[in-house]
Each structure stands twice: as C-alpha cells, then as structure tokens.
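S.K.: Have a look at the structure that comes next, please.
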Amino acid sequence: MWDMGETGATRGRPRSFDRDAALAAAVRLFWERGYGATSIGELTEAMGIRPASLYAAFGDKRSLFEEAVAAYGRTPVGTFMRDALEQEPTAYRAFARLLREAARIYADPSHPAGCMVIRGAVNVTPQDAGVADRLRGVRNSNITAWEARLRDAQRTGELPERVNPRALAGYFATVVQGMSQRSCDGAGPDELAEIAELALAAWPGEREG
C-alpha cells in the first residue's frame, strides 16, 4: 500500500535521501536476485527509504528497474564489452579483451556474480513479460554490434570469407552468457579464464595485432 501521507508531506520539499545511493542499492539487489524475485519491501529496505519515497522518486517497480538497467549500463561492469569493441584495433583483440574481462568481472566478489542484463529476467512472471523483452533486446543489440564488428573484420581480411559473422557473434554471446551463469554457480576467475581461452582458440581468422 502506498503511504500517501508521506507523499503529500514531502511534496515541494527536497528529498531526504540520496537518490543516487538508493538507485545503486536497487541495481545491486536486482542484479543479485533478478526482477521477479525482488519485492518492493526488499527494495525499500535495501534502498533505505519508505515505499512512498520509492514511488515518488522512481515511479513503480518496473520504472525503477528500467532506471537500474540504464544505471548499470553506465558502470565499468556494464560498459566493458562496448569499450573492448571500440578501443581495440583488431576484432581478435577486441573479443579477447571482452572474454578475458568477463572472466574477471563476472567472478569479482565486490559485486553480485554474473551480468545484470543476463540475470535480471530470471523468474519473470507472464504479466511482467515486458521486462524479459527489454533485457532480451539489450542482449540482442549486443550481438548486432558484435556482428557488425566481425563483418568489418571480414571486409579488411582479418576474417576469412567462409566465416558467418552472425553465427560467430552468437557463439561468443553464448560463451559470455554461459560464463555469467557459471559465475552464479560458484565458478571463480581462474575457471572462467580457462573457458575464455578455449573460446578464443576457436577464432577462425588472423590473431596477430
């Protein structure tokens, strides 16, 4: 039940909580438990606010989750894949960096295991199917970006013509998503690093540079 009394009392006055800190707490909880398994009560407890403050500052749970996903996407954990694609001079170096950093980041004990965009849709009910669709869209947009980078590599001769860039992008996405799940099941950075190197051994083109 919304606390309408608090909403009315705080209207027109500065918020009495740190919005950024509260959002960071929500990101962590959604990352750890997924959208469906996280209740409003658990969110308000983790964020250190009352339900009325959550609704007033963030809207409903779905709106809070959307903002949490966006906030996650601005953190180093959320940008490392894009950074690898944009900063490395060759496709091989980009995917090598991406996989090796995933091994380190997904098993980092300073935050929940795995990737929030992969974990967030766990246990989503049919009435919240839009949440799963949103995260699926983020994941598919990553594959599209990977495919584009691989097609560029093919045009420059780094990848042979026989390679299907879409299938190779899907392969690496499958590996990354599997690494996320393995970290949630307790795999440490060493195991994930070995998985990354095995995946890189399947690279079908030039590995120099």
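S.K.: Find the Rg to Rh ratio for segment 47-126, where Rh is the Kirkwood radius over alpha-carbon pairs and Rg uses the same atoms. Walk me through the intermediate numbers first.
M.R.: Working: Rg = 16.1 Å, Rh = 14.7 Å.
Computed over Cα atoms, the ratio is 1.09.
S.K.: Find which of Ala71, Leu192, Gly205 sits farthest along the positive direction of the dipole of the chain, computed with +1 on the beta-carbon of Lys and Arg, -1 on that of Asp and Glu, about the Cα centre.
M.R.: Selected residue: Ala71.
S.K.: Please report, to one decimal in angstroms, the Kirkwood hydrodynamic radius of segment 129-209 built from all distinct Cα-Cα pairs.
M.R.: Working: mean 1/r = 0.0710 Å⁻¹.
Value: 14.1 Å, from the Cα pair sum.
S.K.: Follow-up question, since we're still on this one. What size of dipole, in debye to the nearest 20, comes out for segment 133-182 about its Cα centre when the only charges are +1 on Lys and Arg C-beta atoms and -1 on Asp and Glu C-beta atoms? Walk me through the numbers before you get to the answer.
M.R.: Numbers: 9 positive and 5 negative charges, 35 e Å.
In debye, rounded to 20, segment 133-182 gives about 180.
S.K.: Calculate, in nm to one decimal, what Thr144 and Asp108 gain on full extension: separation in residues at 0.36 nm each, minus their alpha carbon distance. Walk me through the intermediate numbers first.
M.R.: Details: separation 36, 0.36 × 36 = 12.96 nm, distance 2.70 nm.
Stretched fully, the Thr144-Asp108 segment lengthens by 10.3 nm.
S.K.: Treat each spin label as a single point 7 Å out from the Cα along the C-beta direction, and report the Thr174 to Arg93 distance in nm.
M.R.: For Thr174 paired with Arg93, the spin-label model returns 2.9 nm.
S.K.: Along the charge dipole of the chain, Cβ charges K/R +1 and D/E -1, which of Ser110, Leu23, Ala169 sits furthest on the positive end?
M.R.: Selected residue: Leu23.
S.K.: Okay, next question. Glu45 to Glu206: extension gain in nm, 0.36 nm per residue of separation minus the Cα-Cα distance?
M.R.: Values: separation 161, 0.36 × 161 = 57.96 nm, distance 5.17 nm.
Full-extension gain reported as 52.8 nm.
S.K.: Report the label-to-label distance for Glu86 and Arg62 in nanometres (one decimal), using points 7 Å from each Cα along the Cα→Cβ vector.
M.R.: 3.0 nm
S.K.: To continue, here is another question. Report the Cα centroid-to-centroid distance between segment 139-207 and segment 44-82 in angstrom, as an integer.
M.R.: Centre-to-centre (Cα) distance: 29 Å.
S.K.: Express the carbon and sulfur contribution to the solvent-accessible surface of segment 111-202 as a percent, rounded to the nearest whole number, probe 1.4 angstrom.
M.R.: Details: 2390 of 4580 Å².
For segment 111-202, the apolar C and S fraction of the accessible surface comes to 52 percent.
S.K.: With only alpha-carbon atoms counted, please give the Rg and Dmax of segment 108-163, in Å.
M.R.: Looking at segment 108-163, its Cα Rg and Dmax stand at 16.5, 47 Å.
S.K.: Could you grab the relative contact order for the chain? Cα pairs under 8 Å, six or more apart, rounded to a whole percent. Write down the numbers at each step before the final one.
M.R.: Details: 215 pairs, mean separation 50.5, N = 209.
Reported as a whole number, the value is 24 percent.
S.K.: At 7 Å along Cα-to-Cβ for each site, give me the label-to-label distance between Glu191 and Ala129 in nm.
M.R.: The two pseudo-label positions are separated by 3.5 nm.
S.K.: Magnitude of the Cβ-charge dipole of the chain, K/R +1 and D/E -1, about the Cα centre, nearest 20 debye? Present the calculation step by step, with values, prior to reporting the outcome.
M.R.: Numbers: 26 positive and 28 negative charges, 99 e Å.
So the dipole magnitude of the chain works out to roughly 480 debye.
The values are calculated or read from the model by the stated rules, or taken from the named source; none is laboratory data. All values derive from a computational prediction rather than experimental measurement. Note that we place each Cβ from the backbone using ideal geometry, even for glycine, and neighbour counts take in every protein chain shown. The protein model used for the area step is the full one, side chains on, heavy atoms only, and it has no ligands, DNA or RNA in it. Shrake-Rupley method; radii C 1.70, N 1.55, O 1.52, S 1.80 Å.
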